[in-house]
Amino acid sequence: MELRQLKYFLKVAETLNFSSASKELFITQSTLSQQIIQLERELDQKLFQRNSHEVMLTEAGHTLLPLARETVNSANTCVLRLQELKSLLVGELNIGVTFSFSAIATETLMDFLKKYPNVKLNVCYASMEELMDKLVRHELDFVLAFRPSVRDEHVESHVLFNNHLAAIVNEQHPIARYKSVTFDDISRFDFALPAKGMQARNALEKTLANTGFHFKAKIEMNNVHLLFKVIRESNYITILSESTVINERGLVAVPLDVPGNDMEGCIHVLKSSYMKASAREFIRMLGSSSVMRNFCFTALH
């Protein structure tokens, strides 16, 4: 059994399509099929059930899947540790960032690129659910996101800072100069809300659950930048974390004076997984960035 064959197996198991897997692996489909057949012969068990319409994992394939991932990840860790013996930051760093963390991460991303040109940064902006799934599948080294309401047993969440939900408005809005607002204060206005499933929307609905308030959104969006454009050009209100509008021109975050609106900004990593030197350095730089000075930063050890 070769490590290469396990990598091929994992890609087919991920895509359940030999054509797509071969393209992603940059090999021919016939080469991929031959390697999988060779692996099946060595194990004396079928790993995939194939017909003209679909590819499915067999029971043996399902059993091998987590073991193959562990083996491939261990091999990758060996390479990383040997590289880091040279005291060089090299290779690739895969970071997941939710849309709410965009402003927080940007400064550190740029500073890191300048300081460590030999490290390639792969940054994935997506919803928390998508990023957590990628983290569990070892496609990301860590995720920057607020703490999820449902805990994943495979993930450790280390608190970076404490934040709160806020009413986000343009600078000319009637509530822009308020020190804080209640739901009563803002209920008479129209709302442009983050789409259902986004972290701020989940936090808002959790906060609303015990209040009896129900906001009818005029528009819902899963793109924060388009949401900002709407808020800048109207008297609509949106509800996001305070940190989302850091360095956003023309927008004001007015804290919500309601119970249970706390949000913890976290770094999420896989339990018992090796953390790259580049990941540790990125987190250190994030903690000392000018943006993070506004928050209570806790170093990840």
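The values are calculated or read from the model by the stated rules, or taken from the named source; none is laboratory data. Only a predicted model underlies this, so the values are computations on that prediction, with no experimental measurement involved. With ideal geometry, Cβ positions are generated from the backbone for all residues, glycine too; neighbour counts draw on all protein chains shown.
Is there a residue being under 25 Å from Ser289 (Cα atoms), touching a strand residue (DSSP E or B) at 6+ places or on another chain (Cβ under 6 Å) and either outside the structural domain of Ile283 (by TED's automatic domain parsing) or of a type in the set (A, V, I, L, M, F, W, C) (or both) anywhere in the range 219-239?
So far as the range 219-239 goes, no, none of its residues is under 25 Å from Ser289 (Cα atoms), touching a strand residue (DSSP E or B) at 6+ places or on another chain (Cβ under 6 Å) and either outside the structural domain of Ile283 (by TED's automatic domain parsing) or of a type in the set (A, V, I, L, M, F, W, C) (or both).
Quick one: what pairs do we get from the range 65-78, first residue assigned by TED's automatic domain parsing to the domain that holds Leu43, second modelled with pLDDT of 85 or more and not aliphatic (A, V, I, L, M), C-beta under 7 Å, 6+ apart or different chains?
Going by the 7 Å Cβ cut-off, the qualifying pairs are Ala68/Phe9; Arg69/His138; Val72/Lys7; Asn73/His138.
Name the single residue that is nearest to the chain's Cα centre (by Cα) among those in the range 253-268 being at pLDDT below 90 and not in a strand (DSSP E or B).
So, considering only residues that are at pLDDT below 90 and not in a strand (DSSP E or B), the one nearest to the chain's Cα centre (by Cα) is Asn261.
If we scan the range 186-193, do we find a residue that is under 16 Å from Phe228 (Cα atoms) and part of a loop (DSSP other than H, G, I, E, B)?
Yes, some residue in the range 186-193 is under 16 Å from Phe228 (Cα atoms) and part of a loop (DSSP other than H, G, I, E, B).
Enumerate the pairs (first residue in the range 216-228 and more than 16 Å from Tyr125 (Cα to Cα); second residue anywhere and of a type in the set (Phe, Trp, Tyr) and surrounded by 14 or more Cβ atoms within 10 Å (Cβ to Cβ)) with beta-carbon separation below 7 Å, excluding pairs fewer than 6 apart on the same chain, so at least 6 apart or on different chains.
So the pair list comes out as Ala217/Phe191; Lys218/Phe191; Lys218/Tyr236.
Starting from residues that are in contact with a strand residue (DSSP E or B) (Cβ under 9 Å, 6 or more places away or on another chain) and surrounded by fewer than 19 Cβ atoms within 10 Å (Cβ to Cβ), keep the ones in the range 182-200 and report whichever is modelled with the lowest pLDDT.
Result: Lys196.
From the list Asn73, Asn94, pick out the single residue that is at pLDDT 90 or above and either not β-branched (Val, Ile, Thr) or not in a helix (DSSP H, G or I) (or both).
Asn94
Considering the range 193-218 alone, what residues qualify as being over 19 Å from Val143 (Cα atoms) and of a type in the set (S, T, N, Q)?
Result: Thr207, Asn210, Thr211.
Out of Ala176, Ala203, report the one residue that is out of contact with any Ser or Thr (no Cβ under 7 Å at 6 or more places or on another chain), modelled with pLDDT under 90 and closer than 29 Å to Ser290 by Cα.
Being out of contact with any Ser or Thr (no Cβ under 7 Å at 6 or more places or on another chain), modelled with pLDDT under 90 and closer than 29 Å to Ser290 by Cα holds for just one of Ala176, Ala203, which is Ala203.
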